[in-house]
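Below is one structure, written out as structure tokens; comments come after it.
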Amino acid sequence: MVKKDLSFKAVIFDMDGVITKTALTHASAWKKMFDDYLRKRESEHGESFKEFTHMGDYLPYVDGKPRYKGVKSFLESRGISIPFGDPDDKPGAETCCGLGNRKNEAFNEVLDRDGVEIYPSTLALIKELKAAGIPMGVASSSKNCQPVLIAVDLLRFFDVRVDGEVSAELNLSGKPEPDIFTTACDVLKVSYSDSIVVEDAVSGVQAGAKGNFGFTLGIAREDNRKDLEENGADFVVEDLDEIGGLDGLDQLFIKYSK
Ligand SMILES: [Mg+2]
């Protein structure tokens, strides 16, 4: 294997919205679950229904966060307080965990029906990094990370996976805390300042900034460049096809790393 002389030592990728086109699948599953729940509250408690929106609710309160934390964070923003519950709660139980589990059911229904698509530019970069001998990690809040990456035959490219399942086992704090990224670097035995974080969510670039990673690259898939820049991304693109491959990534690291 050719080991190229590059300025960085590892790259840690988020999955949903960075590797796989599953960010919108998550967004629509969340919307369905929350709108159903808010309508139920309207009929049972007389609270007037205000729909769950992508820009106003999903992106600031839910995107990138662990499942139950996302539920809690959105409900708090609406002044709704329900018990946190337990991850074993039945889907639809009126707890943060029950609602999160219902969202997961909706998500899996869509995945089973439509399958998973990947971003070609991300795959191309992953292949270049592999050929150059750069260790890679995947750091995702998702508990579906492993089955999704197996389904698209990409798990084999990653030297470490720190996802929702691993986070629960190790009791790691989710994004916007940097723990899942720092844990991935620790396993790879690479310093944070020599590592690149690639993220599409506000909570993810916040984690990149908090963890003092060498370079946090934001991917603004949602016309949200400014939000990513203001929350900790060192540089923002709309797709990885803009960076000029491995050499381009190296140049960006040299220019922007701290
Ligand atoms: Mg993401």
Within the range 48-67, restricting to residues that are under 12 Å from the mean Cα position of the chain (by Cα) and aliphatic (A, V, I, L, M), the one that is surrounded by the fewest Cβ atoms within 10 Å (Cβ to Cβ) is Leu59
Considering the range 148-162, residues that are charged (D, E, K, R) and within 16 Å of Thr22 (Cβ to Cβ), and then whichever is farthest from the ligand (Cβ to nearest atom), we arrive at Asp153
*Is it the case that some residue within the range 205-213 is in contact with a Leu (Cβ under 6 Å, 6 or more places away or on another chain), at pLDDT 95 or above, surrounded by 19 or more Cβ atoms within 10 Å (Cβ to Cβ) and not aromatic (Phe, Trp, Tyr)?*
yes
Within the range 1-22, the count of residues that are crowded, with 21+ Cβ neighbours inside 10 Å and either in a loop (DSSP other than H, G, I, E, B) or out of contact with any His (no Cβ under 7 Å at 6 or more places or on another chain) (or both) comes to 12
**Request:** State whether one or more residues within the range 129-147 are assigned by TED's automatic domain parsing to the domain that holds Gly248, more than 15 Å from the ligand (Cβ to nearest atom) and within 26 Å of Asn101 (Cα to Cα).
**Result:** yes
Within the range 28-47, the residues that are among the hydroxyl-bearing types (Ser, Thr, Tyr) and more than 29 Å from the chain's Cα centre (by Cα) are Ser43
Filtering the range 37-81 down to residues that are of a type in the set (Phe, Trp, Tyr), under 22 Å from Leu24 (Cβ atoms) and either more than 14 Å from the ligand (Cβ to nearest atom) or touching a residue at least 60 places away in the same chain (Cβ under 8 Å) (or both) yields Tyr37, Phe52, Tyr61, Tyr68, Phe74
Taking the range 163-203 and keeping residues more than 28 Å from Gln251 (Cβ to Cβ), within 15 Å of the ligand (Cβ to nearest atom) and outside any loop (DSSP other than H, G, I, E, B) leaves Gly164, Ser167
Expected output for the range 1-24 (first residue closer than 16 Å to Phe158 by Cβ and at pLDDT 95 or above, partner among the charged types (D, E, K, R) and within 12 Å of the ligand (Cβ to nearest atom), Cβ below 7 Å, 6+ apart or cross-chain) is Asp14/Glu199; Asp14/Asp200; Val18/Glu199; Val18/Asp200
Residues in the range 68-117 that are crowded, with 17+ Cβ neighbours inside 10 Å and among the acidic types (Asp, Glu) total 1
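The values are calculated or read from the model by the stated rules, or taken from the named source; none is laboratory data. Remember, it's a predicted structure, so these values are computed and weren't measured experimentally. Note: ideal-geometry Cβ built from the backbone for every residue, glycine included; neighbour counts use all protein chains shown.
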